[in-house]
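Below: the structure, in structure tokens.
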Amino acid sequence: LDDVTFHRCVRLSKFDQDRTITFVPPDGEFELMKYRVTSEVLLPFRVIAIVNEKGRNRVEYDVKIKPKFKEQLVANDVVVKIPVPPNATAKQKHIKVRSGKAKYYPTHNAIVWKFRRFLGSAKNGYRLQAEVHRLHSVKETPWVRPPITLQFTVPMFTSSGFHVRFLKVIENTGYSTVKWVRYITRAGQYQIRI
């Protein structure tokens, strides 16, 4: 784990000693800890992108996205941003998807493919096929392909593999407690080079 940050209610001396997180919780919902992981990350999606430049006039896209999380989980608000050349234009009829919604946004120089819910049970994944046409200019510059970017939220999935193994509540006042842990994985800088 890198860049671990705890809520102020955590007793840091106990964590430094034996890696046990001991705390007296405040009232209401709170975030106990934040962390960043840089190695052995379990990615929730696999993206396979084939981009073919057909001469000077056309660019063809074949993008597949597959879930790598459990069947019973669901990713929410998945947005796949596929870059196009800055001097391109696309018609909606040349963008084909069977699931989600895809649209060309000239202001972003991208095709944006959105899923409200992406099921983990969709093991074959989903596919986008598109074609854009390049407009010629007097000063032709080669297209430096920016990466495809993803945004998403996957509840109850941890990319770090980090899990709470044991949760013990010690309560002497007779107060009724509810024990639960919520895992959420959000995209930070999720990029796929094309």
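Observations
- Solvent exposure of HIS136, expressed as accessible area, is near 100 Å², computed with a probe of 1.4 Å over the protein chains only.
- Per principal axis, descending, Cα span of segment 1-66 in whole Å: 64, 28, 21
- Computed over the Cα atoms of the chain, pair by distinct pair, the Kirkwood hydrodynamic radius stands at 19.9 angstrom.
- Taking the charge dipole of segment 76-128 about its Cα centre, with +1 at Lys and Arg Cβ atoms and -1 at Asp and Glu Cβ atoms, the residue from PRO106, GLY120, PRO86 reaching farthest to the positive side is GLY120.
- Distance from the C-alpha centroid of segment 68-137 to that of segment 1-44: 36 Å, rounded to the whole angstrom.
- Spin-label model, VAL24/ARG46: points 7 Å from Cα along the beta carbon direction are separated by 5.0 nm.
- Under the Karplus curve 6.51 cos²θ - 1.76 cosθ + 1.60, θ = phi - 60°, whole-Hz ³J(HN,Hα) for segment 56-67, x wherever Gly or Pro sits: 9, 9, 10, 10, 10, 10, 9, 10, 10, 10, 10, x
- Paramagnetic reach from ARG11 in segment 21-58 [backbone N under 16 Å; point 7 Å along Cα→Cβ]: 21-26
- Note, ³J(HN,Hα) from phi for segment 121-135, Karplus 6.51, -1.76, 1.60, rounded to Hz, x at Gly and Pro: 6, 7, 4, 7, x, 10, 9, 10, 10, 8, 9, 10, 10, 8, 8
- For segment 89-157, projected area of the alpha-carbon convex hull averaged over all directions, nm²: 6.3 nm²
- With each label modelled as a point 7 angstrom along the Cα→C-beta vector, the HIS108-SER176 pair spans 4.6 nm.
The values are calculated or read from the model by the stated rules, or taken from the named source; none is laboratory data. Everything numeric in this text was worked out from a predicted model, so none of it was measured. Neighbour counts run over all protein chains shown; Cβ positions are idealised from the backbone, glycine included. With ligands, DNA and RNA removed, areas are computed over all heavy atoms of the protein, side chains included. Shrake-Rupley method; radii C 1.70, N 1.55, O 1.52, S 1.80 Å.
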